[in-house]
Amino acid sequence: MKDRQLGRVRFISGDNKGRYPFCHSVYIAGEKERIVIDPACSLDKLKLLQQNEGVDAVWLSHWHEDHFAFLYLFSDYPVRISPRDYPPLTDINILLDWYGVMREDQRAFWRKMMLNQFRYSPVNNARFFKDGEIIDCGSVTVEVLDTPGHTPGHLSLFFREEKILFLGDYDLTSFGPWYGDVHSDIDETIKSIRHLQKIPAKIWITSHEKGLFEENPGEFWQRYENIIYERDGKVLEFLKQPRTLEEIIAAWLIYGKPREPLFFYEFGERALVTKHLQWLEKQNRIIFDNNHYCLIQ
Ligand SMILES: [Zn+2]
């Protein structure tokens, strides 16, 4: 996967196709400011970028660790993020709370991973994006698009001159959208996917996998949104008999089968399935009764 210079905007492909724990990064070489967005593509590439071309500031599309993995290289630089996604960057306990990791043994495990693998360190020098802000970086004009759902403060960015739309974690992958955190929201995710489709872009950048779309993603949009309804369908099918939460999780309805590392995917399965159960309850399609989820006929 190649890096691409697109006018003053550069697509920097992440290691392992930008799959977790990596993502693709974006670099903008404005005349006023040079900015790296989501510094988690590749340690070597980011070191070279810093040494050879220079970086003035870091922007984060949202608070997830696979977008700040190499932020420690830029610890003296100003960081900009949505104020709604800032709390987890200020305190590792808030980050664990926002992921919904409550059991003490699991918290210890995730805490260690955040500290060792992602070198988590509280960010004290954050600046905030304003809703709908338009930022002039010098020959690069960036429109900040509020796209909640994946996280409450997730931002997408539209680079006006190049007509490039950075979608962030609305990544159009075949796995589908993530909305498994405590503050993630399925309805907001759908709204954001639909909003992004309407932006008059010519090139689309996502944070993971394919990463660069030089033609309109077309059917990828609908396919991506449909994954939400397919997940819902699987949950409803499984609830033809009443089931406990643990039975539903053990059926691997979202991931299809157990995957390694198990603790990681079990966490993901639980998180996403729980969101679907809450969503279906809200729509009065299921009820929780006597420790079992049941269809409302
Ligand atoms: Zn994310």
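Bear in mind that the values in this text are calculations on the coordinates, not laboratory data. Because the structure is predicted, anything quoted here is derived from the model rather than measured. Note that each Cβ is placed from the backbone with ideal geometry, even for glycine, and that neighbours are counted across all protein chains shown.
Brief remarks on what is shown
- Rounded D (µm²/s) - segment 1-40, Kirkwood Rh over Cα pairs, Stokes-Einstein at 37 °C, 0.692 mPa s: 316 µm²/s
- Among 46-55, 65-74, 146-155, sorting by the average number of other beta carbon atoms lying within 10 angstrom of each residue, highest first, gives 146-155, 65-74, 46-55.
- Here r is the Cβ-Cβ distance between residue 236 and residue 134 and R0 is 41 Å; the resulting FRET efficiency, rounded to 0.05, is 0.45.
- Computed over segment 225-291, the Cα gyration tensor eigenvalues convert (square root of 5λ each) into semi-axes of 20, 14, 10 Å, ordered from largest to smallest.
- The convex hull drawn around the Cα atoms of the chain, when projected onto a plane and averaged over every direction, covers 15.3 nm².
- Database remark: amide H of residue 149 closer than 5 angstrom to the amide H of 154, 185 (H placed geometrically; neighbours at sequence offset of 5 or more, or on other chains; Pro and chain starts carry no H).
- Residue 251/residue 291 FRET efficiency (R0 22 Å; Cβ-Cβ; nearest 0.05): 0.85
- Phi-based couplings in Hz for segment 287-297 (Karplus 6.51, -1.76, 1.60; Gly and Pro marked x): 10, 9, 9, 6, 6, 10, 8, 9, 5, 9, 7
- More than 14 Å apart - percent of Cα-Cα pairs taken over segment 22-85: 51 percent
- Entry note, the chain: the mean residue ellipticity at 222 nm calculated from DSSP H runs of n ≥ 4, each adding -39500 (n - 2.57), is -9500 deg cm²/dmol after division by the residues and rounding to the nearest 500.
- The phi torsions of segment 174-185, fed into the Karplus equation with coefficients 6.51, -1.76 and 1.60 and a -60° offset, translate into couplings of 6, 5, x, x, 9, 8, x, 7, 4, 9, 6, 8 Hz, rounded to whole numbers, with Gly and Pro shown as x.
- Between residue 61 and 38, the built amide H atoms are under 5 Å apart, and every one of these is 5 or more places off in sequence or on another chain.
- The calculated FRET efficiency for residue 227 paired with residue 264, based on their beta-carbon distance and R0 = 22 Å, is about 0.65.
- A crude spin-label estimate for the pair residue 2 and residue 76, with each label 7 Å from Cα along the Cβ direction, gives 3.6 nm.
- Fully extending the segment from residue 19 to residue 191, taken as 0.36 nm per residue of separation minus the present Cα-Cα distance, adds 59.5 nm.
- Note on segment 33-117: dipole from Cβ charges, positive end direction compared against 101, 52, 117; the farthest Cα belongs to 101.
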